[in-house]
Structures are given as structure tokens and as C-alpha cells.
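**Q** My questions all concern the structure below.
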Protein chains: 2
Amino acid sequence: MAFDTLSKDFSAPAIRSACTLCPVGGNCVTGGLPAADMQRWAGVMIPHLPLAQVGKQLYAAGANADCVYVVRAGCIKTYTVDGEGNERVRGFFLPGDVVGLDAIGIGHYPENAVTVVAAQVCRVSKGQLQGLLASAPALNMRVMERLTRDLRLALALGGDYSAEQRVAAFLLHIQERLGGKANVLKLPMSRRDIGSYLRLATETVCRTLTKLEERGWIISADKTVTLREPAALWAVAEPVGICRPRLRLAA
Amino acid sequence: MAFDTLSKDFSAPAIRSACTLCPVGGNCVTGGLPAADMQRWAGVMIPHLPLAQVGKQLYAAGANADCVYVVRAGCIKTYTVDGEGNERVRGFFLPGDVVGLDAIGIGHYPENAVTVVAAQVCRVSKGQLQGLLASAPALNMRVMERLTRDLRLALALGGDYSAEQRVAAFLLHIQERLGGKANVLKLPMSRRDIGSYLRLATETVCRTLTKLEERGWIISADKTVTLREPAALWAVAEPVGICRPRLRLAA
DNA sequence: CGGTTCCTTGAGAGAACTCAACGTCGGTGG
DNA sequence: CCACCGACGTTGAGTTCTCTCAAGGAACCG
């Protein structure tokens, strides 16, 4: 892995170009910001920190919340462990997503964050971010949008839906987050993680995928899922309300 | 009702005093703000609009999102109706809570908002709020805190818990929101609303309350619930993670 | 090549749901 | 004043969906 040398070699000019050359592009929280804001963002951000190891921890639940992270590549999951030892995945973060935002306003991270696959992230200290938010209204609004988007998603997924509705909505949501074009999805996470996230047993996730496959709506081969009948999936997932045929919920 | 005349008679000095005299006090989103920020907040806020009618709508899902509301008295619920006609309560808003925040960043409200009981709210236009956020960092941070608090609550309630855990957590959460002292709670909402919110059938809410009562942990009499063994409820609700014996999650 | 983890399928169990009935309460109108 | 009505709360009985337990196969790694 050349990750380590890469991150060490970056000097100030390279940092500025880090965002303009970023594969995430407009999907990043900074997408569409005025150049001046981007400049200031780049000034406080530490770009593409490598997280080559699967299961590598960004931060632990209860730790002092001093940073937020923007995913540049790979996938991060957040999860909690309750007093009974039950682990629950609270969110998957794909390129462009911000991890740790929900710690704004409290001193400690409410959950753990680890890599699901090898990943790269950009880091910003919370203090510097707050300073930036106070003086860059456009960025402030982008962060608010992320927070409200996460909130709407959490409220939607909190609903009482069947395993089929959940899994269909999950697949479509991942498709949207990955760009919304390709019908072949590489799911980075395990069935167990999907189940934990969707509040389903691992076996139920499997059975549901099998059922969708028997209907010809998808082709499920381990981590690769091909959507053959997105319209049918949309129809099933509609009540969940987290994805729409042509109209995206978020602005 | 003298509500209407009250709201019409308020002039600038009265408006400024509206917050200092507000029964919500420090629980409001503006609690603890510098005097200068309070002044500006009071300048754009329209105080205690009366909503005497139960079921009175603040806004409809899909409507142009032009305002946010702070609850001054009573209770507001937000809910969605999916394509199958299923109604789902997404949140209850008690005095001090902000309704409509999750529409920041999108043009339309994602859900309906109606009164659960007679209520009073304060209104701020979204445009003026955004202007204020850009120039009053302390207020901006308070709003962020509300958003992240709502997000953490939604994520917590989204988990896979038993009916008993959910109901216990709900009761304790309401107690906290009402000040955290009194053990006698007046629940403003119906069993049906509670069930919709907690993802339980109405009957399951009833049965669970009955079960908790048989154990001597609570006394349930229609809308009035008395907590007799809060510690036992805490122990049951712990995995949900939305309320804590002595330590509150939010700052 | 053994060990581990993940994915998948089957069979039985359990928690919550649906359907149904009944009592209470508050409002309405005769 | 009282009968009627609808909404709400409560309890019971049977059903269903998902979970748990169990086991086998496939992929990956040391």
C-alpha cells in the first residue's frame, strides 16, 4: 500500500488540489461551495488519510469527539454496543459522507466508527470546523443539509416495514448513494452488518435476497447484487420513503 | 379564547419580553444565548401563536417549507402517510422543541405537523432563521445541537427492541422532556399515536402498560401515568440508550 | 491444508400483529 | 334529561412474520 507515503508527501499546494482532483467530486459535503470557502476548507482539512485495514477504528464510542471525517473512498460503518452486548449498526458512510457529525453539540462520540473495507478519509478538527461554520454560511448550510438528510433517513428507516420492504429500500438507497446509475452494486458490508442496520437477522437478509432473486428482480452473488427490476423494487420500497424513481428527496 | 387578541396586541417591547417571561425558559432552543442574540431572535420571531384546536395543522407534508416553529405550550406531532395509507408518527414535540427543522436544506416539509392537544407555538420564517444562523454562531450551534439530538434519538429508537423496552424508554424520555422531576406524567397523545411512534400496535402498547402496572412499576390511568419504580424502568430501557439515570446524553 | 468467517437453507419457537368484542367517556341531538 | 354515536382504551384468541437454533457449503487466510 502506498497510502502512507502519499499522505506524508502532501504539502500545501497539493492539499488545495486535493479537493478539485477528488474522485468524490460534487457528492462531497463541500460540493458546489464558492472557491473561497473551498480554499478555507482545504486549509483546515487533512486529506486522504489511509485506512487500509478492515475493521480499523476511526473513533470509539464515548471518546472525546474532536474530529469529523469525510469519506473519500471505501466504506465506514458506525455502531453501538449496549449493556447486553448487542451490536447495532447505525449507519454506513460512503464516499462524500461525513462521519461523526452527530457528535456536534456533545463532547463525546455516541458510537463507534470503523472501516468496512479499506478506505480513505479526510479529517477536520471539530474546533476548526465550528470556526469555519461561523464564517462560511454556505458551508454551514451544506452541513445542515447533511444533518437533516441523515435525520430524515433515520426516521424513515425507523418505521415498521417488512423484511422485503427494508431490503429493497436498502438496495435502492445504496444504488442512489453510489451515483444512481449502475444496476450492479458492490455491497461492501456483510449480511450481518446489513441485518444489524436494517433490524433483521442475518438469515432473514439472506432469505429475502433469495426471494427477490427467485422473482427475477435481482441477481445476488455474495457482495455483488444486480438490480434487474428496479421498478419492482421501487414499488415495494415506496412506503419506506427513502428513495424515489426520478425524484430525490434531498435537494 | 383570548389567544387571538393576545397575539395581535404584541408590539416590539412586548415581543422582547416574550422570551424572558416564557414558561419554557432554558429548555427552549434559545436557552442560554447571549442577550444580543436573544434580541435578534425576538426580532424575527412571532410569539405564541394559538392553536386551540386539537388536530390543527401547522403544515402539510409536501408543502413549501417556509417556517419553523418552537413549541411554547401543548404538544405537536409530526407524521407521514405512505402510499398504502399507513400513518406513522415521526415525532412528538413538547415545549421548547423545534418543529420543522428537518426541512432545512430541502424546499418542502417531509411530513405533516398537527397539534396533539391545544398548543401555542412561536414561528420564525426559514429565510430569517438562516440569516440569523449565518450571523449568530451561538444560535447556529444551538440549532445544530437540536438537529444532532433529534438524529441520535431517531437512531436509538430505530433499533430492534422489545415492546417493553420501547414503552419503558418512551415513558422515561417523556419524563425527561417534561423536566425530569415529576413521576406523574400527563401523556398528551393517544395509545394509537404512541404505538405508531414506537412501531407497536395500539393493543401492544396497552398490554405492555398493563404488564408494567402488574409489576408495580407504574400506575396507568388513561393519559396519566405514574412512575413508581423508575430505576426498574431504566434497567429495562438501558439498551435503547435514549435516557440515563443521572447522566443526560445531550450536553 | 486446517481453521475461521461468511453465506445459505431448513425447522421449530416466540413476540407482536390482526381480528374481535366490550366498557368507558364525551359530545350531539332528540 | 337521556339515548345515541363515535373515539378511545382494554382484554382475549388465533395467526403470522421474523427470530433462534442448527447444519452444511463456500471463500479466504495463515
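**Q** Need at least 3 residues that are crowded, with 20+ Cβ neighbours inside 10 Å and within 11 Å of chain A (Cβ to nearest Cβ) per element, so show me which strands (runs of 3 or more DSSP E) inside the stretch B:38-96 make the cut, counting only ones lying wholly within it.
**A** Once the strands (runs of 3 or more DSSP E) in the stretch B:38-96 are filtered for at least 3 residues that are crowded, with 20+ Cβ neighbours inside 10 Å and within 11 Å of chain A (Cβ to nearest Cβ), what remains is B:87-93.
**Q** Also, I was wondering about something else. For residues that are more than 26 Å from B:Gly55 (Cα to Cα) and in a loop (DSSP other than H, G, I, E, B), scanning just the stretch B:102-138, find the one that is farthest from the other protein chains (Cβ to nearest Cβ).
**A** B:Ala136
**Q** Something else: Looking at A:Glu87, A:Glu145, A:Glu111, which is the one that is acidic (Asp, Glu) and over 24 Å from A:Leu198 (Cβ atoms)?
**A** Just a single option satisfies the conditions, and that option is A:Glu145.
Listed here are the residues, each with its yes/no results for (1) crowded, with 20+ Cβ neighbours inside 10 Å; (2) within 12 Å of DNA strand D (Cβ to nearest atom); (3) at pLDDT below 95.
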position: B:Ala182; (1), (2), (3): no, no, yes
position: B:Ala201; (1), (2), (3): no, yes, no
position: B:Val205; (1), (2), (3): yes, yes, no
position: B:Thr208; (1), (2), (3): yes, yes, no
position: B:Glu213; (1), (2), (3): no, yes, no
position: B:Ile218; (1), (2), (3): yes, yes, no
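**Q** Working only within the stretch A:187-199, note down all residues that are near DNA strand D (Cβ under 9 Å from one of its atoms) and touching a residue at least 24 places away in the same chain (Cβ under 8 Å).
**A** Of everything in the stretch A:187-199, those that are near DNA strand D (Cβ under 9 Å from one of its atoms) and touching a residue at least 24 places away in the same chain (Cβ under 8 Å) turn out to be A:Leu198, A:Arg199.
**Q** So if I check each of B:Leu172, B:Leu185, which one is more than 8 Å from DNA strand C (Cβ to nearest atom), part of a helix (DSSP H, G or I) and hydrophobic (A, V, I, L, M, F, W, C)?
**A** That would be B:Leu172, the only listed residue that is more than 8 Å from DNA strand C (Cβ to nearest atom), part of a helix (DSSP H, G or I) and hydrophobic (A, V, I, L, M, F, W, C).
The values are calculated or read from the model by the stated rules, or taken from the named source; none is laboratory data. The structure presented is a predicted model; accordingly, all values stated were derived computationally and were not measured. So basically every Cβ, Gly included, is an ideal-geometry build from the backbone, and we count neighbours across all protein chains shown.
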